[in-house]
1. Which order do the peptides 181-192, 204-215 come out in when sorted by mean C-beta neighbours inside 10 angstrom, highest first?
2. Ignoring solvent entirely, what values of log10 I(q)/I(0) come out of the Debye formula for region 171-312 at 0.16, 0.19, 0.22 Å⁻¹ when each Cα is a single scatterer?
3. Once every DSSP H run of n ≥ 4 in the chain is given -39500 (n - 2.57) and the sum is divided by its residues, what mean residue ellipticity at 222 nm do you get, rounded to the nearest 500 deg cm²/dmol?
4. Between the helical axis of 261-279 and the dominant principal axis of the chain, each derived from Cα atoms, what acute angle in degrees is found, rounded to the nearest 10?
5. Quick one: which residues, 5+ away or cross-chain, put their amide H under 5 Å from the amide H of Leu109? H built at 1.01 Å from N.
6. Could you tell me the largest-minus-smallest coordinate of the C-alpha atoms of the chain on each of the three principal axes, in descending order and whole angstroms?
7. Based on the mean of other beta carbon atoms within 10 Å per residue, what is the order of 159-165, 106-112, 130-136, most packed first?
8. For Gly66, list long-range residues whose amide hydrogen, built 1.01 Å from N in the peptide plane, is under 5 Å from its own amide hydrogen.
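What follows draws every value from the coordinates through simple rules; no lab data is involved. Worth saying up front: this structure is predicted, and the values here are computed from it rather than measured. Ideal geometry is used to build each Cβ from the backbone, glycine not excepted, and the neighbour counts take in all protein chains shown.
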Amino acid sequence: MWVTGDGAMLAQDQYTLLITGVSGGAAYAARHDEWRSRLVTALRNVPGFDDQHLIVLAETPGPGVGRASRDGVRDAVDRLSDRMDDEAVLYVVLMGHGSFDGIDAKFNLVGPDLEAREWSAWLDRVPGRVVVVNTTSVSSPFIERLSGRRRTIVTATESTVQRYDTVFPEFFVAAFVARAGDSDKNGRVSILEAFDFASRGVRRWYQDQGRLSTERALLDDSGDGRGREAGQPGPDGLRAASQFLGAGPARVGVVTDPQLAPLVARRDVLIEDLQELRAVKTQMSPDAYLRELERMLVELARVSHRLRDASR
């Protein structure tokens with residue numbers, strides 16, 4: 001959040017699309033409604049959260065809630081895409097049921113379901129960064145289908161064999177309620193913190209039930225399409241640690257001139273991109289890595305020069 005000289009607030013724009021799909025029964029409907037309501041309340045309690053940047057879809061539409069159908073999702077993605085720029089972040093949170101037809105995973109909606117490949121195609125139209133959290137069963141193909149640069153993907157399961165209803169969303173939502181997942185005590189919960197918090201909660205739940213865990217969540221933000229479980233080594237987590245659902249960017253500063261805010265925001269995005277590029281260096285050819293590194297460094301130098309000139 002940027003503070004201008006006249007006291008107005010300028011923030012790195014972020015948008016949230018929260019969807020609870022078809023329930024399949026009254027008990028599931030009540031559970032989905034509770035998760036959705038708790039998460040929306042938690043987000044609205046975040047200082048500076050913009051309710052105009054939130055779209056909620058559900059099985060049963062109502063005041064401020066649209067229908068969780070293919071048309072409803074397509075319209076929501078199009079509306080948000082039209083409002084976003086390259087600096088913005090879109091958070092998509094999916095709660096409900098998932099299915100797998102042997103070829104692709106689906107998120108179950110009212111009417112025809114949406115396959116992971118279709119989600120990927122629709123989200124390709126979104127400028128800026130995209131964070132997708134699919135909390136359903138058999139959600140792991142979303143990692144492979146949606147993974148890429150400037151994308152963070154979280155799935156509740158690591159395999160399509162994990163077809164049982166998940167408890168991951170219960171703990172993912174709990175991470176944001178009263179900021180229970182704020183492990184570094186900085187007053188907000190990152191996607192990485194919520195992922196770790198929910199993963200620990202799932203393990204405890206199965207232990208308390210005396211059952212073998214049928215779900216293991218994955219996080220991918222390196223673009224390699226593999227992901228990792230909480231606590232495992234690997235390149236994933238760098239980007240997710242600086243992404244805050246409902247709470248603005250990781251780098252917060254005071255800008256006395258509102259004309260500087262876009263330059264500062266672009267500089268910070270480039271710094272994050274450089275960190276991410278270095279994290280995936282071993283997965284790229286030397287020539288491709290050097291070309292991308294040079295492009296980023298040249299733009300960073302240009303932006304930094306403009307900032308210095310504007311600050312004089």
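1. Ranked by mean Cβ neighbours within 10 Å, highest first: 181-192, 204-215.
2. Log10 I(q)/I(0), no solvent term: -0.97, -1.14, -1.28.
3. About -12500 deg cm²/dmol.
4. Once rounded, the angle reads 60 degrees.
5. Sorted by chain and number, the residues that satisfy this are Val22, Leu114.
6. 63, 47, 37
7. The most tightly packed comes first, giving 130-136, 106-112, 159-165.
8. For Gly66, the qualifying residues are Val56, Leu57, Ala58.
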